[in-house]
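Participant: One structure follows; several queries about it will come next.
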Amino acid sequence: MKYGRLTVVIAGITSLVFLVHSQDDNSVTVDPAISEMENAMDTPVASVQNLTGSWHLELMNGVNINLSLSQSSIMVVGHGNVTSGNASQEATANGSYSGNVLKMNVVPVGGKERYSLSLDLSGQTPAKTYSIFSNDTLTSYGTVRRVSYSTGL
């Protein structure tokens, strides 16, 4: 009985090995996730862009954010203002840049809101989103309609 189960297990494993490693055209079956990972490792990483400069962002909710940013390695800091309608507040910004994505928090001085921005700057159907938090509670989110900047200040 013991040897019978062992024989069945060995036969099952052998069948799986042949099923995975051989096909009619003698090619090896590779998991698509592994192929994608190997391709990503072969793709060169883009160099960090110079993000120092003047930035203007228009959010879907009508809010405009104007910032003067400075970059040191992957860290980004700055100041500017957040404008909604006729009301404008001074604001500070801080965040990081990695893999063509700028992630940054913009906080109006003395305000309770925090604008959390994620800006894909790759140029390939970029995803630019924001979330607004008040007292650390998500109150709104959406798409950044427009981003314009001039670098090298």
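Participant: Restrict the check to the range 69-83 and report whether at least one residue is at pLDDT 90 or above and either in a loop (DSSP other than H, G, I, E, B) or acidic (Asp, Glu) (or both).
Facilitator: Scanning the range 69-83 turns up at least one residue that is at pLDDT 90 or above and either in a loop (DSSP other than H, G, I, E, B) or acidic (Asp, Glu) (or both).
Participant: A follow-up question, please. So which of 50, 86, 64, 105 ends up being without any contact (Cβ under 8 Å) to a residue 24 or more places away in the chain, on the phi < 0 side of the Ramachandran plot and within 20 Å of the chain's Cα centre (by Cα)?
Facilitator: 105
Participant: Would you mention how many residues in the range 84-116 are of a type in the set (A, V, I, L, M) and either surrounded by fewer than 17 Cβ atoms within 10 Å (Cβ to Cβ) or modelled with pLDDT under 95 (or both)?
Facilitator: Going through the range 84-116 one residue at a time, the tally reaches 4.
Participant: Say whether the condition of being among the hydrophobic types (A, V, I, L, M, F, W, C) and under 15 Å from residue 147 (Cα atoms) is met by at least one residue in the range 94-103.
Facilitator: Yes - at least one qualifying residue is present in the range 94-103.
Participant: If residue 61 passes every condition in (1) at pLDDT below 95; (2) in a strand (DSSP E or B); (3) not basic (Lys, Arg) but one, which one does it miss?
Facilitator: Going through (1) at pLDDT below 95; (2) in a strand (DSSP E or B); (3) not basic (Lys, Arg) one by one, residue 61 breaks only (2).
The values are calculated or read from the model by the stated rules, or taken from the named source; none is laboratory data. Here the structure is a predicted model, which means the values were calculated and not measured. Using ideal geometry, Cβ is built from the backbone for each residue, glycine included, and neighbour counts are taken over all protein chains shown.
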